[in-house]
Structures are given as C-alpha cells and as structure tokens.
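Here the structure is laid out as structure tokens; the discussion comes afterwards.
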Amino acid sequence: MTPDAIIHRLTGSFENPGTRQSPRGDHDLNPGTHPPADLTPAAVLVPIVIRGAGPTVLFTQRTAHLEKHAGQVSFPGGHQDPTDGTSEETALRETEEEVGLDRRHVEIVGRLDQYLTRTAFTITPLVGLVTPPFDVTPDAHEVAEVFEVPLAFLLDPDNHQREHREYKGINREFYAMRYGDYYIWGATAGMVVNLYQVLTDNRPQGGA
C-alpha cells in the first residue's frame, strides 16, 4: 500500500474518526462488560514507516519492571498532559520521549476510533507517516525494544486471532497477532484491527 493510498483511506478521519461513532474498547469482544466510568485521556502514535520494500508499522516492547502493561507490545504514547493541548501533541511528545523519534520525521495523516481500556484510559490513536532515515533512542526505563512489522502482515485478516484468558476469575476475549517472537494483543491489537478496517475499507456493519 502506497503512502498516497494510506492518506486517501484516512481522508476525513479528523472530522469522522475511524469506522463508527461509539468508542471501541476491551468491552467489544466481551458482551456485558463496561469500561470504567472515570477515564484518563491518552494518545498513541500509529507510526507507518515508508520503507522501500513496503510500509511497516513501528511498535515498542515495554520493559518487564513497569507497574502497568509490563512486557507488552504497544504503540508509542501515553496520558495527555494539561500542557499538551491536543491529542496530536501528546502522541508526538510521548513518541519523542519513549523512542527518541523526532517529530520532524512524522506527518500525522489521520486518526482511528477512540479506544477505551479496562485500565481506565480513553486512547486516541493518531496515524502518522514516518519518513526515513531517522534514529531511535529508546528510553531504557520504559522501552525494552523498538521493532517494525510489515503493514501487509497486519492488513492480512488471517493474522488476526481471537484469543482468551482468565482475568480476576472472568474469561476475557481479545484480539492477538503473532509475528515471529512478538505477541501483539489486547488494546494494541484492537487498534491494529481498526487500522485494517480503515485501510482496506472493510468496515463492519456493527459491533467490533
């Protein structure tokens, strides 16, 4: 998929984010569950890197000692500071702080649906095109590794699995993708599925 095609698919997403009016979330695959009432605003960057062999998507693997989401694969991002002003500023600032990717390499071209998590965040995913060459200098406290996955792999629905595990005595279902030794699951995988739906124009008529 070319950069022009990505931009075309995302056209209008600032006015009409994602694929539906209601927020996505961990509750989508778990009927009868509801996100927490008091949610903290956050934003992530969905970085699509323009490579000669085809676009890739940049992810981080969080360090194992963190209090929340330890060891998980994530998009760079975090909670919105009062001084940020916009979700775009939050995503760019957090990306610079977490992985050292300077915002001059990033062109934000759209956004996906808001995503509500059971850990009480309401996340705005901003899609950005990243132009090489660029350097990454991960924050050793937060980020164990920065890696890229071919966009074509993420846009193949055969790679979108639905798995489940028990959490606090309740069986929870979630999206998951396995790429080599990397395991992308939960909210990050849910946002990847949303990206797939937007870029392939495979919008569901209802539900997730």
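What follows draws every value from the coordinates through simple rules; no lab data is involved. Since the model is a prediction, treat every value here as computed from it, not as a measurement. When we count neighbours, we look across all protein chains shown, and the Cβ atoms used for this are built from the backbone with ideal geometry, even at glycine.
Quick look at the values:
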| item | result |
| --- | --- |
| Peptides 182-189, 154-161 ordered by average Cβ neighbours within 10 Å, highest first | 182-189, 154-161 |
| Relative contact order for the chain, counting Cα pairs under 8 Å that sit 6 or more residues apart, in percent | 27 |
| Kirkwood estimate for the chain, i.e. one over the average of 1/r between Cα atoms, Å | 17.2 |
| Sorted peptide list for 37-50, 73-86, 131-144, criterion being average Cβ within 10 angstrom, highest first | 37-50, 73-86, 131-144 |
| Virtual spin-label span in nm between Asp135 and His34, 7 Å along Cα→Cβ | 5.0 |
| Percent RCO, i.e. relative contact order, over the range 58-144, from Cα pairs under 8 Å lying at least 6 residues apart | 30 |
| Theoretical ellipticity at 222 nm over the chain - DSSP helices of four or more residues, -39500 (n - 2.57) apiece, nearest 500 | -5500 deg cm²/dmol |
| Per-pair calculated FRET efficiency, R0 = 30 Å: Asn171 and Asn16 via Cβ, rounded to 0.05 | 0.30 |
| Gain in span if fully extended, Arg162 to Thr200, counting 0.36 nm per residue against the direct Cα distance | 11.7 nm |
| DSSP-defined beta bridges in the chain - what % are antiparallel, rounded to 5 | 75 |
| For the range 1-46 versus the range 71-86, the gap between their alpha-carbon centres in whole angstrom | 15 |
